[in-house]
Amino acid sequence: MTHPGANLQWPKLVRLEAAAVCDWRQVFMPGALLIQVEGPRKLRVLALGPEEVARHPASAAARLERYPDGVLIPGLVNAHAHLDLTHIGPRPFEPEHGFGGFIDLVRRERRVEAQEIAASVRLGVEKCLAAGVVAVGDIAGAVQGAASSVATETLAGAGLAGVSFVEYFAIGSGEQRGIRAFVTCIESLRLHDPRVRVGMSPHAPNTVSRDMYLA
């Protein structure tokens, strides 16, 4: 949950009232939610819906917050993100250039310096949280064809949960270089955030050799 102030102090009880509260099963209008803040970004739902919240014995002691124009929903998941490309921003579709034009754009504007990659990932995390996204499946893009740990290490501890998939290339004359770079990248990773796991992401069937898949 990302509403402002909820995770600054704990433990505490918060009663939220909004225009609506909904999950995958049902919608309550008007909406009410009783939560217990147990730690940083660790909330437990005690009651859902006006009647259930009103009956709960902890409701009277909870701090009341009202969002009359808001709709409270569970945190969202972006299952396929490229946080290290956040800096590129939205661009108009150019049908005359096709998919190749998009590839050229990424190659031209992808950042390759560690500090710049990290800044783009942090900007992406900021935008995700502002939009209610709490978990991602992120592709930690290869840098100049070589697997990189920068995006993965930046995501860990940045506030999102999820999996960072380290992207790699290994084909043709660059096969052995790609394998070595990927092994070095994975062996060097040091994550201290239990909410972020590491995955492996071959770029595409035509850019990763069979031997690399086996490796």
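The values are calculated or read from the model by the stated rules, or taken from the named source; none is laboratory data. Quick caveat: nothing in here was measured; it's all calculated off a predicted structure. Don't worry about glycine lacking a Cβ; one is built from the backbone with ideal geometry, like all the others, and counts go over all protein chains shown. Heads up: the accessible areas ignore ligands, DNA and RNA and are worked out on the full protein's heavy atoms, side chains in. Shrake-Rupley method; radii C 1.70, N 1.55, O 1.52, S 1.80 Å.
Listing for the model above:
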item: Per-residue SASA entry for residue 46, accessible area with 1.4 Å probe, Å² rounded to 10; result: 40 Å²
item: Within the chain, longest stretch clear of exposed chymotrypsin sites (Phe, Trp or Tyr not before Pro) (DSSP loop, no more than 14 other Cβ within 10 Å); result: 94-215
item: Dipole of the stretch 17-83, positive direction: furthest Cα of 64, 27, 45, with charges on the beta-carbon; result: 45
item: Cα-centre dipole for the stretch 69-215 with unit charges at Cβ (Lys and Arg positive, Asp and Glu negative), debye to 20; result: 240 debye
item: Cα convex hull volume per residue for the stretch 143-215 (Å³); result: 83 Å³
item: Answer label, with semi-axes √(5λ) of the Cα gyration tensor in Å calculated from the coordinates and candidates (1) 31, 20, 17; (2) 42, 19, 14; (3) 27, 24, 16; result: (2)
